[in-house]
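Remarks on the structure that follows.
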Ligand SMILES: Cc1cc2nc3c(=O)[nH]c(=O)nc-3n(C[C@H](O)[C@H](O)[C@H](O)COP(=O)(O)OP(=O)(O)OC[C@H]3O[C@@H](n4cnc5c(N)ncnc54)[C@H](O)[C@@H]3O)c2cc1C
C-alpha cells in the first residue's frame with residue numbers, strides 16, 4: 001500500500017492512488033517533468049439595474065482587446081442575484097497589474113462600445129484574480145496512451161493538463177484513468 005500527503009496534512013492509505021491535482025499541485029513533486037505552464041485570468045463581477053444581454057449566453061470577444069468574455073449570470077438563473085438586479089461576469093485574460101479602479105474604468109470604457117452608455121452606471125461588486133486558471137498546453141490532445149496516466153505501480157494521474165484546459169478534458173482524463181485502474185484490477 002502507498003501513502004500520500006495532502007495539502008492539509010491528512011494522509012490516506014489505499015491500494016491504488018489517483019492524483020487529480022492541477023499540474024503545479026501535489027502531482028508535481030512526483031512528476032517533476034510535467035508541463036506546469038498555465039494561463040491566468042481576472043474576473044470582475046458587476047451589478048446593474050437591467051441585464052445588457054437578456055439571454056443565458058456567453059459573449060466571447062473575437063477581437064484581441066481587454067475583455068475576453070461577458071455573461072450575465074442572473075440571465076442563467078435569476079436566483080444568482082438576491083437583489084433582483086443583473087449580476088454580470090466579465091473575464092479578462094492574464095493577471096492585470098492596474099489598480100482595481102483603473103482596470104474597472106478600462107473595462108467599462110470597452111464595454112460601453114458593446115452595450116452603450118448604460119455601462120457607466122454598472123457597479124463593481126468584486127474582483128477575483130485567478131493565477132492558475134487553465135493549463136497552457138502546446139496542443140490539445142483527445143487521447144493518451146495508457147502509460148501516461150500511470151506514475152508507477154498503483155499510482156495514477158488525471159487532470160485537464162494532460163489533455164487540454166476544460167471541464168470536459170478533466171472528466172475525460174478521469175474516466176480514462178479510472179478505466180485503466182479497473183483494467184489493471
Ligand atoms: C474562472 C474559470 C472559469 C472556467 N470556466 C470554464 C468553463 O466555462 N468551461 C470549462 O470547460 N472549463 C472552465 N474552466 C476550466 C475548468 O475549471 C478546469 O479545466 C477544470 O476545473 C480542471 O479540472 P481538474 O480536475 O483537472 O483540476 P482542478 O479543478 O484544478 O482540481 C485540482 C484540485 O487539486 C487540489 N490540490 C492540489 N494540490 C493538492 C494537495 N497537495 N492536496 C490536496 N488537494 C490538492 C486543488 O486544490 C484542486 O481542488 C474555468 C476555469 C476558471 C479558472
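On a 0 to 90° scale, report how tilted helix 167-184 is relative to the longest principal axis of the chain, with both axes built from alpha carbons and the result rounded to the nearest 10. Taking the Cα atoms of the chain, the angle to 167-184 is about 10 degrees. If you bin all the Cα-Cα distances of the chain at 10 Å, starting from zero, the percentages per bin are 8, 28, 25, 20, 15, 4, 0. Applying the Kirkwood pairwise sum to the alpha-carbon positions of the range 93-185 produces a hydrodynamic radius of 16.7 angstrom. Every pair of different Cα atoms in the range 39-135 enters the Kirkwood calculation, which places the hydrodynamic radius at 13.6 Å.
In the chain, the longest principal axis of the Cα atoms and the axis of helix 100-115 are about 70 degrees apart. Among beta bridges identified by DSSP and lying wholly in the chain, the antiparallel ones come to about 90 percent.
Normalised by the number of residues in the chain, the mean separation of alpha-carbon contacts (under 8 Å, six or more apart) gives a relative contact order of 26 percent.
Throughout, read-outs are computed from the coordinates displayed, never taken from laboratory work. Remember, predicted model here, so these are calculated numbers, not experimental data.
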